[in-house]
Protein chains: 2
Amino acid sequence: MLQDKKYLMIPGPTPIPPAVQQAMIRPMIGHRSGDFAKLHERLIKKAKQVFQTEKDLFILTQSGTGGLETAVANVISPGDKVLALVTGNFGERFAKIARLYGAEVDALEFPWGEAIDLKQVEEKLATNQYRAVLATHNETSTGVTNDIGGLGALVAKTDAVLLVDAVSSMGGMDIRTDEWQVDIMVTGSQKALMLPPGLALVSVSEKAWQAMETAKAPRFYFCLKQARKNMAEWNTAWTPNVTLFYGLEAALDMILAEGLPEVFARHALMTKATRAAIRALGLELLAADEVASHTVTAVKGNDQLNTEDLRKVLRTKYGVTFAGGQGKLKGKIFRIGHMGYADKLDIILAIGALEMALVEVGYPVQLGAGVAAAQKVFLEG
Amino acid sequence: MLQDKKYLMIPGPTPIPPAVQQAMIRPMIGHRSGDFAKLHERLIKKAKQVFQTEKDLFILTQSGTGGLETAVANVISPGDKVLALVTGNFGERFAKIARLYGAEVDALEFPWGEAIDLKQVEEKLATNQYRAVLATHNETSTGVTNDIGGLGALVAKTDAVLLVDAVSSMGGMDIRTDEWQVDIMVTGSQKALMLPPGLALVSVSEKAWQAMETAKAPRFYFCLKQARKNMAEWNTAWTPNVTLFYGLEAALDMILAEGLPEVFARHALMTKATRAAIRALGLELLAADEVASHTVTAVKGNDQLNTEDLRKVLRTKYGVTFAGGQGKLKGKIFRIGHMGYADKLDIILAIGALEMALVEVGYPVQLGAGVAAAQKVFLEG
């Protein structure tokens, strides 16, 4: 039973709050009922607050990747020129989807661990006519956040639509969908929104609706125009995951009751404490402070520290799951998820466990030093 | 939401494992059904392993205090001479119940924070004829464990029956009901057994059954002979808490799957780490190492440390609930429960929060020092 308690600190799925779990065991209702329509209407209103948008928003029964494909399938036609800004594994995935839909993709790649360089984007936009620009707000694979507001200002001057993956940041970071001029913003349920996987939330701007009029890719399940048509009566195009809709309301209620600024500040504080602790232990962070994600922190391994051995000890001896690296960072970093239903003491616990595991894999650390650094950040607020 | 996460570290009720919660939402069944009888039979068999008894054992729908009254009501008649061994608030409660049933109670009181002195008990037993001896195995109010084996050997030489309150230790500490010659052993569901409150478990020796034959106190709901009669068909005398019976099976399965020696070792290790941390922070423990409870640790306040202010900061700012003092220790100590569904990282988290709260109430501590001391104990195993 020592291992019965599990501490899931990966960048999604994340722990589910009891209030959300309780909501999800409510008796099933028909998805064409009046009760469901009322729930749907309330959900859209609440989700728009988190997206900071007054434009259209859809709750789709699919994963975040399904949300990314929805964005692509609705606006990109075969042969379209697309600019993909790649800062890691999920940026690569977004570009891959566009290529699968026949787009001619210009992939502007940045070193993993660094953010998008808007200068380079500006140059690209000046010399090319793009149908769409694809960007990742919070690159889960590296713990780097990109400046979507700056990017939006550049793209808005062009005919291109801006499609943004905010799967691992929405609900944990300050995302101004409308102010940032994002045309399609995509998130998933299983990250900072504190739900199990299974829903994608997608907002759509007027510019995106216009792009859809001429888009030629086949789309049925992913069709946003169909979704809009059904939404007029608070219906969904296809059968929705009723259980997750229940849970989404409980989760959004928690977020709005805490207050968006407070939620964002909590995530920022957890990040600051985690980074202080990692530095105090003599380990190296992948991302620079200025671009550090507030939902996931990536830490580098080194010649003395095998990240996979470390993760195994944490998982088997302490029940703590950190994520490993992905793609070209596989085996080179470990990642600590601190998003959604997480607070100060989760960081204390995680760092406390990390210190013990570091000793167990033979990496020299001063016990308590990381915890003390995190505590100091929390006490300073 | 920062306060949404709650860390309940009081000496009961304790956190409920997910497997137990899940068992408790199974559909209701009739308590006179064959399914319930089979569940009951399995439960008795499993509970006896935890009690380390081959004698009769009953699962009664009442709290631990109801269990203590059951013990008294079944063997003590008005005018009976009873020796009550009092080491704290729960020892006082046991004596009070006996007085209410008309017993002439000799209360042998020991300083709060110390254990029963068997020498004094031996002298008392040598010069008096007692009907019963009442003792507390684990004194929740002080975090002290009494030597019930030593006591049992003394009482067994007399005609007295030994009634023992093991409410806060059963399932967390090595309790040898038969080897220790305890006649009625009582525990509750909401401590180391990892259930919500609502059940008392009571074991009964042959000597206790014999004492019941001549006991004259009125008893109906608490009647153990009635319970035994119904138990012959795996029935209960009165309506049982079916939900908690479901949960009890899941909890006992967890305990037996981990293994009793492993469960006891885990509790002992959590105690050792907690005590090392408290000492590293310059605070004083109430109980001596030799008699320290393995399920709850009591820590003294002092002129610089108001324990109630400290507990308030922990509760409101970190969601951590420690218990305060009771009776004559009210306002003088705080108590950390570490029983049942608790592991190493609960201790790390609790000490990490305690350190921050100590700073916030102005008590000088070196951040991380307590955590490091606990980590050291855990790493040494």
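The values are calculated or read from the model by the stated rules, or taken from the named source; none is laboratory data. Only a predicted model underlies this, so the values are computations on that prediction, with no experimental measurement involved. Counting neighbours? That spans all protein chains shown, and the Cβs are built from the backbone with ideal geometry, glycine included.
Listed by position, the strands (runs of 3 or more DSSP E) inside the range B:53-138 whose residues that are among the charged types (D, E, K, R) and farther than 27 Å from B:Glu213 by Cβ number at least 1 are B:104-109. Scanning the range A:33-76 for residues that are among the aromatic types (Phe, Trp, Tyr) and either under 22 Å from the mean Cα position of the chain (by Cα) or closer than 14 Å to A:Arg228 by Cα (or both) yields A:Phe51, A:Phe58.
Here the range A:290-348 is the region considered, the condition is being in contact with a Phe, Trp or Tyr (Cβ under 9 Å, 6 or more places away or on another chain) and on the phi > 0 side of the Ramachandran plot, and the residue that is modelled with the lowest pLDDT is A:Gly327. Of the residues B:Lys317, B:Lys376, B:Lys328, B:Lys332, the single one that is of a type in the set (Lys, Arg) and within 7 Å of chain A (Cβ to nearest Cβ) is B:Lys376. Taking the range A:17-43 as the range and being in contact with a Phe, Trp or Tyr (Cβ under 7 Å, 6 or more places away or on another chain), within 14 Å of chain B (Cβ to nearest Cβ) and not in a helix (DSSP H, G or I) as the test, the residues that pass are A:Pro17, A:Arg26.
What are the residues in the range A:172-202 that are polar (S, T, N, Q) and more than 18 Å from A:Val296 (Cβ to Cβ), if any? Within the range A:172-202, A:Thr177, A:Gln181 qualify. Do we find a residue being of a type in the set (Gly, Ala, Ser), in contact with a His (Cβ under 9 Å, 6 or more places away or on another chain) and at the interface with chain A (Cβ under 10 Å from one of its Cβ atoms) anywhere in the range B:347-359? So far as the range B:347-359 goes, yes, one or more of its residues are of a type in the set (Gly, Ala, Ser), in contact with a His (Cβ under 9 Å, 6 or more places away or on another chain) and at the interface with chain A (Cβ under 10 Å from one of its Cβ atoms). For the range B:8-39, the set of residues classified as free of Cβ contacts under 8 Å to residues at least 24 places away in the same chain and surrounded by 18 or more Cβ atoms within 10 Å (Cβ to Cβ) is empty. Select from the range B:306-359 the residues that are more than 29 Å from B:Leu193 (Cβ to Cβ), surrounded by fewer than 19 Cβ atoms within 10 Å (Cβ to Cβ) and either touching a Leu at 6+ places or on another chain (Cβ under 7 Å) or small (Gly, Ala, Ser) (or both) and list them in ascending order. B:Gly331, B:Val359, listed by residue number. Checked against the criterion of being in a helix (DSSP H, G or I), within 14 Å of chain A (Cβ to nearest Cβ), touching a residue at least 24 places away in the same chain (Cβ under 8 Å) and aliphatic (A, V, I, L, M), the candidates B:Val371, B:Val365 yield just one match: B:Val371. Every condition in (1) touching a residue at least 12 places away in the same chain (Cβ under 8 Å); (2) within 14 Å of chain A (Cβ to nearest Cβ); (3) surrounded by fewer than 21 Cβ atoms within 10 Å (Cβ to Cβ) is met by B:Gly259 except one, and the failing one is (1).
Candidates are the residues of the range A:231-256 that are within 11 Å of another protein chain (Cβ to nearest Cβ) and in contact with a Lys or Arg (Cβ under 8 Å, 6 or more places away or on another chain); the one that is farthest from A:Tyr221 (Cα to Cα) is A:Leu256. On inspection, B:Leu379 passes the criterion of being over 25 Å from B:Thr142 (Cβ atoms), more than 25 Å from the chain's Cα centre (by Cα) and assigned to a helix (DSSP H, G or I). Entry remark, the range B:87-132: residues being closer than 17 Å to B:Val182 by Cβ and either hydroxyl-bearing (Ser, Thr, Tyr) or touching a Lys or Arg at 6+ places or on another chain (Cβ under 9 Å) (or both) number 5 in total. Please state which of the following conditions A:Met194 fails to meet, knowing it meets all the rest: (1) touching a Leu at 6+ places or on another chain (Cβ under 9 Å); (2) buried (at least 21 other Cβ atoms within 10 Å of the Cβ). Among (1) touching a Leu at 6+ places or on another chain (Cβ under 9 Å); (2) buried (at least 21 other Cβ atoms within 10 Å of the Cβ), the lone unmet condition for A:Met194 is (1).
Cβ separations smaller than 7 Å between residues 6+ apart or across chains give the following pairs from the range B:82-102 residues that are under 18 Å from B:Thr142 (Cα atoms) to residues that are among the β-branched types (Val, Ile, Thr) and assigned to a loop (DSSP other than H, G, I, E, B): B:Leu85/B:Ile116; B:Thr87/B:Ile116; B:Thr87/B:Thr142; B:Gly88/B:Thr142; B:Phe90/B:Thr140. Criterion first (over 17 Å from B:Ala208 (Cα atoms), of a type in the set (Lys, Arg), free of Cβ contacts under 8 Å to residues at least 24 places away in the same chain and more than 14 Å from chain A (Cβ to nearest Cβ)) does B:Lys46 satisfy it? Criteria not met by B:Lys46. Checked against (1) away from chain A (no Cβ under 14 Å); (2) surrounded by fewer than 14 Cβ atoms within 10 Å (Cβ to Cβ); (3) of a type in the set (D, E, K, R); (4) closer than 22 Å to B:Lys46 by Cα, B:Lys216 passes all but a single condition, namely (4).
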